[in-house]
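In what follows, a structure is listed as C-alpha cells, so that the remarks can point back to it.
The values are calculated or read from the model by the stated rules, or taken from the named source; none is laboratory data. From a predicted model like this one, the values you see are computed outputs, not experimental measurements. Cβ coordinates were reconstructed from backbone atoms using ideal geometry, including for glycine residues, and neighbour counts include every protein chain displayed.
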Amino acid sequence: MPESSEESVLLPVALHARPAGALVRAVATFDATLEIVYGEKAANARGVLGLLALGAPAGSTVVIRAEGVEATAAVKAAAEVLAAAD
C-alpha cells in the first residue's frame, strides 16, 4: 500500500553540487516519488539541476516529501544525506 512521509532538515551547508549529487544517488533505488521543498520552490529529488535551482543556503531548512511504497525509508535516507552534507 502506498504511503507518504515528510521530514524537515536543517542544512549544514548550501545545497550545492556535491550534496545534491549525493542525494540523487541515495534515493535512486527507492520505490517512491520524492521532492525537496525550500520556501515556495520544490524540486524532484532525482534531478541535480532542479535541486540546485532551489538555491537553499547553509543554515536553511528544507522539507523532504515522499509518496510511494518506500516513502518512509526514502525520506529517512534523504534526511541522513542532507544532514551529513559537507
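Just a few scattered comments:
- Scanning region 16-43 for residues that are acidic (Asp, Glu) and either in contact (Cβ under 8 Å) with a residue 24 or more places away in the chain or touching a Phe, Trp or Tyr at 6+ places or on another chain (Cβ under 7 Å) (or both) yields a total of 2.
- Of the residues making up region 21-49, those that are over 18 Å from residue 61 (Cα atoms) and among the charged types (D, E, K, R) are 25, 31, 46.
- Looking only at region 1-22, and only at residues there that are in contact with a Ser or Thr (Cβ under 8 Å, 6 or more places away or on another chain) and of a type in the set (Ser, Thr, Tyr), the one that is modelled with the lowest pLDDT: 5
- Selected residue (criterion: nearest to the chain's Cα centre (by Cα)) from residues of region 31-86 that are closer than 16 Å to residue 10 by Cβ and of a type in the set (Asp, Glu): 80
- If the condition is being surrounded by 17 or more Cβ atoms within 10 Å (Cβ to Cβ) and either among the aromatic types (Phe, Trp, Tyr) or without any contact (Cβ under 8 Å) to a residue 24 or more places away in the chain (or both), then region 44-53 contributes only 50.
- Subset of region 3-15 that is aliphatic (A, V, I, L, M) and either without any contact (Cβ under 8 Å) to a residue 60 or more places away in the chain or in contact with a strand residue (DSSP E or B) (Cβ under 9 Å, 6 or more places away or on another chain) (or both) - its residue that is surrounded by the fewest Cβ atoms within 10 Å (Cβ to Cβ): 10
- Among residues of region 54-75 that are hydrophobic (A, V, I, L, M, F, W, C), those with a beta-carbon under 8 Å from a residue that is at pLDDT below 95 and in a loop (DSSP other than H, G, I, E, B) at least six positions away or on a different chain give the pairs 69/1; 69/2; 71/2.
- Of the listed requirements (1) farther than 12 Å from residue 79 by Cβ; (2) touching a strand residue (DSSP E or B) at 6+ places or on another chain (Cβ under 6 Å); (3) surrounded by 19 or more Cβ atoms within 10 Å (Cβ to Cβ), residue 31 misses just one: (3).
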